[in-house]
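Below: the structure, in structure tokens.
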Amino acid sequence: MNQRQKIVVLSGAGVSAESGVATFRDHNGLWENHRIEDVATPEAWRKNPALVLEFYNKRRKQLLEVQPNEAHLLIAELEKYYDVYIITQNVDDLHERAGSTKVLHLHGELKKVRSTLDENLVYHINEIDPKGWELKLGDRCAKGSQLRPHIVWFGELVPMMEEAIRITQTANIMIIIGTSLLVYPAAGLSYYLPKNASIYVIDPQKPDFLFTSPFVKFITQKATTGMKELFKELTKDFIN
Ligand code: APR
């Protein structure tokens, strides 16, 4: 039995765009309608927790109405042929709902909330709100402190980054899909790949990013179109 090749997928908001989830920096993106410093920083939480809760409640509520798209599904299907690890900057659960089994969320998860006193006290939103989306002032952890979104805000550490680097260091292939590669440390992940690893970048806009590897192939398509093309390429030796 030949050793299955290892694929690491670095995904960003663009992979969920065709599911109807707003990206951050495209036209009419989230950061166009909200100031980051008002809704996605520890200072924002201290200054106006109700506004921060409302921002994430709206996104969590929308998540209940959207479905994984063909790109999520094809990425999950690659697990039939490869050892696939998803490292996502997204806080939605669309990779999991599409069937991917190894998903690491670098920037947190919309459907989880955590204690402001003990960051290890993490709850699924369904444990707090049977509707599955609302977190309110006064919703408290078992130790009595206010619950907050389980999201990595700007200025906070990215605790899963070490694990993400470890996964990347032994990958044969990296698929980078739907990310502007503007936010570090996530954007620098490809630097940890083995020197001879192949990199495929799927994005209708070629990201303005300095790749050090000569093995980069740009597929300047939307996620669903690009993944159809790449899926064929990556499975042609398996499917005769
Ligand atoms: N298919 C593929 N890519 C797309 C599509 C699509 N249909 N639509 C847009 N894109 C691309 C854009 O061209 C852009 O390169 O998706 C990327 C979205 O970039 P951003 O909006 O910056 O999102 P992302 O890269 O995920 O942001 C990284 O920034 O604000 C923080 O924590 C937040 O995780 C987020 C991080």
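The values are calculated or read from the model by the stated rules, or taken from the named source; none is laboratory data. Note that the coordinates shown come from a computational prediction; the quantities given were computed from them, not determined experimentally. A quick note on method: Cβ atoms are made from the backbone with ideal geometry, for glycine too, and the neighbour counts reach across all protein chains shown. In case anyone asks, the SASA skips ligands and DNA or RNA and just uses the protein heavy atoms, side chains included. Shrake-Rupley method; radii C 1.70, N 1.55, O 1.52, S 1.80 Å.
Annotations
- DSSP-defined antiparallel bridges as percent of all bridges, the chain, nearest 5: 25 percent
- Protection proxy ranking for 128-137, 71-80, using the average of other Cβ atoms within 10 Å per residue and placing the highest first: 71-80, 128-137.
- Segment 15-68 versus segment 70-146: alpha-carbon centroid distance in Å: 15 Å
- Cα→Cβ-extended label distance, 7 Å offset, between Asn196 and Leu64, nm: 5.2 nm
- Computed over the alpha-carbon atoms, segment 185-240 gives an Rg to Rh ratio of 1.00, Rh here being the Kirkwood radius from the mean inverse distance.
- With all pairs of different C-alpha atoms in the average, the Kirkwood value for the hydrodynamic radius of segment 1-142 is 16.5 Å.
- Of the accessible area of the chain, computed with a 1.4 Å probe over protein heavy atoms only, carbon and sulfur atoms account for 51 percent.
- Helix axis angle, 49-63 relative to the chain longest principal axis, alpha carbon, degrees: 40 degrees
- Each principal axis of the Cα atoms in segment 107-240 has its own extent, and those three values, largest first, are 55, 29, 28 angstrom.
- Solvent-accessible surface of the chain, averaged per residue with a 1.4 angstrom probe and all protein chains in place: 51 square angstrom.
- Contour minus Cα-Cα distance for Ile239 and Lys136 (0.36 nm per residue): 32.0 nm
- In sequence order, segment 227-240 has phi-based couplings of 6, 4, 5, 6, 4, 4, 4, 7, 10, 4, 7, 8, 9, 7 Hz under the Karplus curve 6.51 cos²θ - 1.76 cosθ + 1.60, θ = phi - 60°, and Gly or Pro positions carry x.
- In nm, spacing of pseudo-spin labels at Lys47 and Glu127 (7 Å Cα→C-beta vector): 3.2 nm
- Across the alpha-carbon atoms of the chain, the computed radius of gyration and Dmax are 18.3, 60 angstrom.
- Ranked by how many other beta carbons lie within 10 Å on average, peptides 11-20, 100-109, 202-211, 168-177 from highest: 11-20, 168-177, 100-109, 202-211
- Computed label-point distance, nm, for sites Thr225 and Asn33 using a 7 Å Cα→Cβ extension: 2.5 nm
- P(r) tail for segment 89-157: Cα pairs beyond 14 Å make up 60% of the total.
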